[in-house]
Amino acid sequence: MHATAFAIPLWADLAAIGIGGTQGAMFAAQFRDRRLDLLGVAIIGIVSGFGGGMIRDVLLARLPAALTSNWYLLVAVGGALIGMLLESVLQRLGIVMTVLDALTIGLYCAIGTTKALALGVPAVPAVFVGVLSAVGGSILRDLLLNLPIALMHVGSLYAIAAVVGASTLVALHALGVPIFLAALLCVAVTFGVRVLAVLFRWSLPEQRRIERLPALRRRRAPAPRPPRGPLG
Amino acid sequence: MHATAFAIPLWADLAAIGIGGTQGAMFAAQFRDRRLDLLGVAIIGIVSGFGGGMIRDVLLARLPAALTSNWYLLVAVGGALIGMLLESVLQRLGIVMTVLDALTIGLYCAIGTTKALALGVPAVPAVFVGVLSAVGGSILRDLLLNLPIALMHVGSLYAIAAVVGASTLVALHALGVPIFLAALLCVAVTFGVRVLAVLFRWSLPEQRRIERLPALRRRRAPAPRPPRGPLG
Amino acid sequence: MHATAFAIPLWADLAAIGIGGTQGAMFAAQFRDRRLDLLGVAIIGIVSGFGGGMIRDVLLARLPAALTSNWYLLVAVGGALIGMLLESVLQRLGIVMTVLDALTIGLYCAIGTTKALALGVPAVPAVFVGVLSAVGGSILRDLLLNLPIALMHVGSLYAIAAVVGASTLVALHALGVPIFLAALLCVAVTFGVRVLAVLFRWSLPEQRRIERLPALRRRRAPAPRPPRGPLG
């Protein structure tokens with residue numbers, strides 16, 4: 001049983017992209033020491049706005065939605081300009097932006113997951129595609145800004161919110177719930193986990209290993225990057 | 001009305017790729033402290049030579065042109081070897097290389113924009129595809145060399161030249177100008193803006209914001225990277 | 001004459017992905033100072049496990065194999081968890097892991113090269129696709145961990161082993177050798193070159209140039225990163 005993609009109205013899609021672009025530019029504006037020109041800000045806006053959707057469509061071997069209409073690029077760049085110009089005003093709307101951002105993640109997660117299901121992708125990779133749709137923009141943004149990928153490091157539950165939301169969608173779909181309802185619950189769950197994670201500062205545990213030989217760790221300590229990877 | 005892609009002769013395409021490969025290797029050779037082996041130089045040549053074309057075709061969900069013939073890879077790697085071996089000679093041909101490079105950007109921009117138009121992509125995303133074709137190689141090169149993405153930072157008008165050229169092409173195409181003529185003018189405009197930008201050191205203004213509260217900036221100064229992004 | 005892709009049993013494919021995931025997590029665990037959470041480790045496992053296969057399928061404009069079954073993601077994440085938890089045990093199995101890793105590279109190289117040939121890609125780009133299949137995961141891993149791309153720098157012959165293996169396959173195929181036999185020899189050659197390179201510490205020569213004017217080098221020395229790239 002294949003789902004049909006969860007089609008949201010174009011204005012909602014564009015609103016999400018505009019918010020993404022605004023937040024990307026606000027994020028980039030923090031780094032005063034790394035001078036970005038106007039083009040750099042526009043690129044970060046584009047990438048934050050629909051980078052996740054581009055990754056989604058490239059993986060699904062489809063022409064990216066953002067290339068099918070003039071509006072996506074215009075709205076993303078416009079959002080980035082607003083974010084750049086009004087940065088100090090918007091920073092004071094912190095909670096509003098967090099709420100809008102959480103809504104955006106939820107929407108992208110639902111769109112990505114249902115699009116994958118509609119193309120016949122099985123449950124687990126459909127969740128993967130949904131999560132990448134939600135967080136891909138932030139990965140590309142950090143790559144372009146030469147920053148550590150925020151997603152990889154200990155922090156509040158950004159991608160996990162999308163994992164929980166997409167899994168909810170896939171599970172409900174498997175149980176026969178109509179796709180529109182499942183997608184709506186995906187948005188709600190992703191939004192809820194994300195906002196609660198910010199409010200209560202939830203985070204995942206760090207990596208650890210089953211360690212029997214503490215001497216090993218001491219011996220390794222002075223050499224922070226020993227060449228023993230497969231490419232060393 | 002769909003355009004047909006601006007098909008240039010294979011030898012011109014390959015010449016552009018060879019120049020791109022040569023320049024990539026010359027760029028990489030500047031970094032004596034980051035030791036690259038021969039493979040590394042070949043990779044930079046490949047990426048600089050047809051990385052932009054690969055990004056273009058991946059976004060357009062097409063098999064990359066570089067995978068359809070043996071010549072692309074051979075020419076890109078050959079160009080990289082020449083760039084590595086003759087670096088000190090070529091550095092003294094600075095203006096020649098800048099001119100050839102500007103021509104290369106113009107060609108890729110025209111090929112990318114017309115290919116997108118031919119596939120039915122609307123005007124604004126067609127410009128986006130054309131610009132990415134022109135600058136994608138340099139983005140991939142900087143990512144692989146672990147450098148700040150040059151494109152993002154204040155500098156001479158590299159991507160903007162492509163934006164102006166691609167926009168010219170799209171506008172002329174909309175006015176009914178034959179695609180071959182529009183593409184030729186795209187190459188000329190891109191080339192002209194790029195060369196003039198180098199000669200007169202034009203650059204875009206830096207990012208700025210509408211600032212009413214200078215106290216805010218002072219308060220923020222000591223913490224160069226405060227954790228307030230959405231992933232913080 | 002088009003080849004049919006070298007289809008290996010799913011269990012062998014998954015075993016390779018699990019080993020890749022385990023090694024990715026072990027690699028990531030070396031960097032105690034860059035804190036990864038559980039999600040970060042899972043991402044590195046996924047990327048190391050089938051990042052190369054994803055790059056292969058994206059370039060070939062096909063839906064990635066990893067999106068066609070639930071198993072790929074589960075096995076890659078499982079492998080990453082094992083690598084994280086049993087890191088100190090596995091480190092002592094160094095030679096076993098190197099052997100398994102070399103086998104994995106060989107398998108991916110053979111799968112990628114035959115898949116490209118089967119889609120009508122000519123010999124040289126087919127080798128390129130095979131090599132990218134083998135090493136793409138490690139490139140993505142280093143990008144996500146914000147490390148210098150290991151592949152680019154002087155080290156043991158990782159990618160070269162894949163180049164030799166894929167070239168062998170393509171040459172044998174052109175000579176009329178059945179694809180299964182050619183693929184088997186590709187695995188054997190890749191494996192052999194890689195293991196011998198580790199044992200005897202083979203490496204490629206560094207980049208060098210034909211230098212007639214030593215004064216030039218001296219004059220350039222104090223400025224480690226002069227702004228003379230095309231984007232400067």
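Values as computed for the structure displayed
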read-out: For C:81-93, mean number of other protein chain Cβ atoms within 10 Å; value: 3
read-out: Hull volume in cubic angstrom per residue (convex hull over the Cα atoms of the range A:43-186); value: 118 Å³
read-out: Within 10 Å of each Cβ in B:157-167, the average number of Cβ atoms from other chains; value: 2
read-out: Number of partner chain Cβ atoms within 10 Å, mean per residue of A:71-78; value: 2
read-out: Hull shadow area, averaged, the range C:12-94 [alpha-carbon convex hull, nm²]; value: 5.7 nm²
read-out: Paired Rg and Dmax values of the range C:133-194, which use every Cα atom, in angstrom; value: 13.9, 44
read-out: Solvent-accessible surface (1.4 angstrom probe) belonging to A:Trp71, in square angstrom, nearest 10; value: 140 Å²
read-out: Euclidean distance of C-alpha centroids, the range A:41-88 and the range A:104-151, integer Å; value: 14 Å
read-out: Copy-to-copy label separations for A:Leu74, where each label sits 7 Å from Cα toward Cβ, in nm and ascending; value: 4.7, 4.7
read-out: Nm distances between copies for C:Val96, ranked from closest, using label points 7 Å along Cα→Cβ; value: 6.0, 6.0
read-out: R0 of 41 Å, Cβ-Cβ distance A:Leu196-C:Leu147: FRET efficiency to nearest 0.05; value: 0.80
read-out: Neighbourhood net charge (13 Å Cβ-Cβ; Lys/Arg +1, Asp/Glu -1) for C:Ser133; value: +1
read-out: Relative contact order of the range B:29-106, defined on C-alpha pairs under 8 angstrom at six or more residues apart (%); value: 32 percent
read-out: Accessible-area value, B:Phe200, 1.4 Å probe, nucleic acids and ligands omitted, Å²; value: 130 Å²
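The values are calculated or read from the model by the stated rules, or taken from the named source; none is laboratory data. Remember, it's a predicted structure, so these values are computed and weren't measured experimentally. Counting neighbours? That spans all protein chains shown, and the Cβs are built from the backbone with ideal geometry, glycine included. Surface areas here come from the heavy atoms of the whole protein model, side chains and all, with no ligands, DNA or RNA. Shrake-Rupley method; radii C 1.70, N 1.55, O 1.52, S 1.80 Å.
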